[in-house]
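The values are calculated or read from the model by the stated rules, or taken from the named source; none is laboratory data. Every value quoted in this text rests on a predicted model; they were computed, and no experiment measured them. Every residue, glycine among them, receives a Cβ derived from its backbone with ideal geometry; neighbour counts consider all protein chains shown.
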Amino acid sequence: MLNNEKISAKTTQQTVRQTIQWASEQRDQFPIFSRHPEWSYLDSAATAQKPRRVIDFLQEFWCERNAPLHRGVYRLSAQVTQDYEDVREKVARFIHAGCGNEIVFCRGTTDAINLVAHSFVAPRLKKGDNILISAMEHHANFLPWQQLCQKTGAELRIIPLRKGLVEGAFRQHLQVGLDLESAEALLDDRTQFMALNHVSNVLGVINPVTDLCQLAKTKNIPVLLDGAQAIVHGSVDVKALGCDFYVFSGHKLYGPDGVGVLYGRSELLETMPPYQTGGDMIEFVSTAETTFAPPPQRFEAGTMPVSAVIGLGVAIDYFQSLPEERLLRHENTLLQLATENLRSTKSLQKVQIIGDETDLTRKVGVLSFVIEGVHPHDIGSILDSANVAVRAGHHCAQPLMADLKLTATARASFAVYNNERDVQQFCEGIEKVITMMI
Ligand SMILES: Cc1ncc(COP(=O)(O)O)c(C=O)c1O
């Protein structure tokens, strides 16, 4: 279950040292860092670097095993088909779905959300109905619902933000969460669907999605959770969460790009028409009519990204080989180190954290911030000159930015391969920004 309670026990100096030692061993698994040891890559919330075993697998796949899926009668094709279907079962076990038939492969989170919007929600949505999302959604979980509502005359309702302040040594930092009381008030008997991020890509906060799913369930409202940021920060159990759909992308989970997962409860997938039509998703086609394959094949039209799907299976093996408690402690240690530096270093007092928490175990390793008087793009460029890669911009969350009265933030995000030196390089880079720009 994604929650950092597993690391809420007090972090001691010894556990910090052990975790950092462990992390340096993990970094060695990522070839990009032996080629570029000078890099502090702090943009894993955008896309994660790939471990050697995923890279080696892909190379070996192209050299030894490439063949078409589902169509060949020869051994190579049969083997690829078996491997592909095995990954479906693996993903089902990974997120505790009921069975492999509840797993649909698609291009990524964006594709999966669009599939649900067009195939599940659109046929059910009428003028006067409403869909509930939150003010901190990525555009991938905002635009499909906005466009659908505009097309049908339904209302897009938005759970507002609850804002607070966290004291630093020199200034206050901004705490941002969902206003749960408003969420309850926004649900009514015309609410057809709820779609929420599990973890915010801008703020890093872990949202109370289990409570919100429970609330929706009392009113029979189906829920989709956008797990793009959550999936890589601890185990996910879709049954325990109580959601109807869960979506994520392979590239943020140390896997290949071009592949993602839609989990949908069987009863719901069975009611859904195809999203796209074409090869491989049919039962029978004649000039007069067509019958479609059952889920999940019904939703996998055309040639699927076979190597990426099987590579995702390798990435899941890698991720599951990391002891969860240690991984969470490691990422949280880096978050704490960076946060404490920004909160309490005199020369960094112009920095304001956006999405701070008094209890940092309520966040994953994502740290958004602004510097008074400096555009985040300048922060990003100057950090780049110090070999620190962070994301700068609106993070595909313009409604959130507007709510916070910001146009952009800079964002550092931590993964298994980051270490204390990255945090140090990051903080020194920010000092450089301040010296150059203020
Ligand atoms: C919370 C969230 N949702 C959705 C997406 C979209 O993911 P993808 O571009 O892989 O489809 C992202 C990507 O950053 C994200 O952070």
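Some observations on this one:
- For beta carbons closer than 9 Å, sequence separation of 6+ or different chains, a first residue in the range 111-137 that is closer than 16 Å to Ala183 by Cα and a second that is assigned to a helix (DSSP H, G or I) and among the charged types (D, E, K, R), the qualifying pairs are Ala135/Asp403; Met136/Asp403.
- Unique match (being at positive phi and surrounded by fewer than 22 Cβ atoms within 10 Å (Cβ to Cβ)) among Lys350, Lys405, Lys432, Lys346: Lys405
- Within the range 284-313, the set of residues being more than 20 Å from Ser77 (Cβ to Cβ) and either among the charged types (D, E, K, R) or surrounded by 18 or more Cβ atoms within 10 Å (Cβ to Cβ) (or both) comprises Glu289, Pro295, Arg298, Phe299.
- Take the conditions (1) assigned by TED's automatic domain parsing to the domain that holds Ser44; (2) more than 21 Å from Gln229 (Cα to Cα); (3) in contact with a strand residue (DSSP E or B) (Cβ under 7 Å, 6 or more places away or on another chain); Phe369 misses just one of them, which is (2).
- Contacts under 9 angstrom Cβ, first residue in the range 239-254 being over 25 Å from Pro305 (Cβ atoms), partner at pLDDT below 95 and away from the ligand (no atom under 14 Å from the Cβ), 6 or more apart: Ala240/Met1; Leu241/Met1
- For Gly204, the criteria (1) closer than 22 Å to Glu102 by Cβ; (2) buried (at least 24 other Cβ atoms within 10 Å of the Cβ) hold in every case but one, which is (1).
- Test: residue in the range 46-60 that is assigned to a helix (DSSP H, G or I) and acidic (Asp, Glu): yes
- If you filter the range 323-351 down to residues that are hydroxyl-bearing (Ser, Thr, Tyr) and in a helix (DSSP H, G or I), you find that the one that is farthest from Pro376 (Cα to Cα) is Thr333.
- Residue in the range 77-122 that is surrounded by the most Cβ atoms within 10 Å (Cβ to Cβ), counting only those that are part of a strand (DSSP E or B) and within 16 Å of the ligand (Cβ to nearest atom): Val104
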